[in-house]
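**Student:** One structure coming up, written as structure tokens, with questions to follow.
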Amino acid sequence: MAALAMLSDASGNNATGGMEIVACALSAEVFERVVAGEVDGAVLPIENSLHGSVAEHCDLLLAKPVRIARESLLRVRHNLIARPGVKLTDVRRAMSHPVALSQCRHWFAAHPEIEAVNYYDTAGSVKQVMAAGLSDTAGIAPELAARQYGGTVLAAGIEDHAENYTRFHLLVRESEWQAAAGANKASLAFVVLHRPGTLVEALQEIAQAGVNLTKIESRPVPGMPWEYVFFVDLRFESSGQMDAVLAGLAGHCEMVKELGRYVAA
């Protein structure tokens, strides 16, 4: 669903044409396929408005030669989907991605007879229910999954919070990336030098360039205990501002990587 929304034009018309959407079971596999050239790009969630960033995807963005080409926002609406003819009273297990399950805690509390079962994907859970012919198991996924795999929605909108959005990135190989026309947002990762005040100095470079810092968080550097990489999102008005930020950060950081420059969703 996110991939279809990402690849639709501004008027809402689907722009996928004859494009094939390839499902992967693991995030690492997604990145590997992009880097190897087996696919042209990948759509992955990077942040949820309730649960924060997807840490694994941040780490992979930093480690792999990929860049962000586009972003989109998707309102998350979870539905309990089963085989046609199955009733809610028949369901004893509900499968979905762990994050989706955690966003439906109130519904599970109201239905203690139904067990929450982790699965690798939301839509994939519905596909499995249909393919295996399960009559006591349902999947939790967007309504599109019911249409795609021939399921029936038994309960709609079972998420805990209506204001639930997920931000997705379209990723491409670094060698094929170029900044989007009209780009006004960028994502960076940097590691500051080990001297007092370097983080403050780095943030001052961003402020002096007239760029708006909209997000900052730290992640551990793999293999380097107690060292951290900062991930930031920035809103800007001109590419010159971002160039100034990158040049300014270079004097205060051990590493700076521009993860992408794109149009804000």
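**Student:** Determine if the stretch 168-187 includes at least one residue that is more than 30 Å from GLY37 (Cα to Cα), in contact (Cβ under 8 Å) with a residue 60 or more places away in the chain and in contact with a strand residue (DSSP E or B) (Cβ under 7 Å, 6 or more places away or on another chain).
**Tutor:** The answer is no, given that none of the residues of the stretch 168-187 is more than 30 Å from GLY37 (Cα to Cα), in contact (Cβ under 8 Å) with a residue 60 or more places away in the chain and in contact with a strand residue (DSSP E or B) (Cβ under 7 Å, 6 or more places away or on another chain).
**Student:** Out of ALA100, ALA109, I need the residue that is hydrophobic (A, V, I, L, M, F, W, C), at pLDDT below 95 and in a helix (DSSP H, G or I). Which one?
**Tutor:** ALA100
**Student:** Would you confirm, using the coordinates I've provided, whether ASP90 is within 24 Å of the chain's Cα centre (by Cα) and either aromatic (Phe, Trp, Tyr) or within 19 Å of GLY150 (Cα to Cα) (or both)?
**Tutor:** The answer is no for ASP90.
**Student:** Residues in the stretch 211-265 that are farther than 11 Å from LEU188 by Cβ and among the aliphatic types (A, V, I, L, M): how many?
**Tutor:** Number satisfying all stated conditions: 8.
**Student:** So, VAL117, is that one at pLDDT 95 or above and either farther than 25 Å from ALA42 by Cα or of a type in the set (A, V, I, L, M) (or both) or not?
**Tutor:** Yes.
**Student:** Answer yes or no: is there a residue in the stretch 191-212 that is at pLDDT 95 or above, among the polar types (S, T, N, Q), more than 22 Å from GLU47 (Cβ to Cβ) and surrounded by 14 or more Cβ atoms within 10 Å (Cβ to Cβ).
**Tutor:** no
**Student:** So MET130 passes all but one of these: (1) among the aliphatic types (A, V, I, L, M); (2) touching a Gly at 6+ places or on another chain (Cβ under 9 Å); (3) within 22 Å of VAL43 (Cβ to Cβ). Which condition number does it fail?
**Tutor:** (3)
**Student:** Something else now. Looking only at the stretch 222-237, count every residue that is loosely packed, with under 13 Cβ neighbours inside 10 Å and at pLDDT 95 or above and tell me the total.
**Tutor:** Here the count works out to 1.
**Student:** Same structure, new question: Between THR122, THR89, which is surrounded by 14 or more Cβ atoms within 10 Å (Cβ to Cβ) and of a type outside the set (A, V, I, L, M, F, W, C)?
**Tutor:** Being surrounded by 14 or more Cβ atoms within 10 Å (Cβ to Cβ) and of a type outside the set (A, V, I, L, M, F, W, C) holds for just one of THR122, THR89, which is THR122.
**Student:** Sticking with this one: Six or more apart or on different chains, Cβ atoms under 6 Å: show the pairs whose first residue is in the stretch 62-81 and surrounded by 19 or more Cβ atoms within 10 Å (Cβ to Cβ) and whose second is polar (S, T, N, Q) and in a loop (DSSP other than H, G, I, E, B).
**Tutor:** Sorted first by the residue in the stretch 62-81, then by its partner, the pairs are VAL76/ASN164.
**Student:** Return the only residue of ARG67, ARG77, ARG33 being in a helix (DSSP H, G or I) and among the basic types (Lys, Arg).
**Tutor:** Selected residue: ARG33, the only one of ARG67, ARG77, ARG33 that is in a helix (DSSP H, G or I) and among the basic types (Lys, Arg).
**Student:** What residue, of LEU44, LEU50, LEU80, is aliphatic (A, V, I, L, M) and under 23 Å from ALA180 (Cβ atoms)?
**Tutor:** LEU44
**Student:** Within the stretch 90-130, can you find the residues that are free of Cβ contacts under 8 Å to residues at least 12 places away in the same chain and either touching a strand residue (DSSP E or B) at 6+ places or on another chain (Cβ under 8 Å) or of a type in the set (A, V, I, L, M, F, W, C) (or both)?
**Tutor:** ALA109, ALA110, listed by residue number.
**Student:** If you don't mind, another one. Does LEU193 meet the test of being touching a residue at least 40 places away in the same chain (Cβ under 8 Å) and in the same structural domain as VAL39 (by TED's automatic domain parsing)?
**Tutor:** For LEU193, the condition - touching a residue at least 40 places away in the same chain (Cβ under 8 Å) and in the same structural domain as VAL39 (by TED's automatic domain parsing) - is not met.
The values are calculated or read from the model by the stated rules, or taken from the named source; none is laboratory data. Given the structure is predicted, the values throughout are model-derived calculations rather than measurements. Cβ sites come from the backbone with ideal geometry, for glycine too, and all protein chains shown count toward neighbours.
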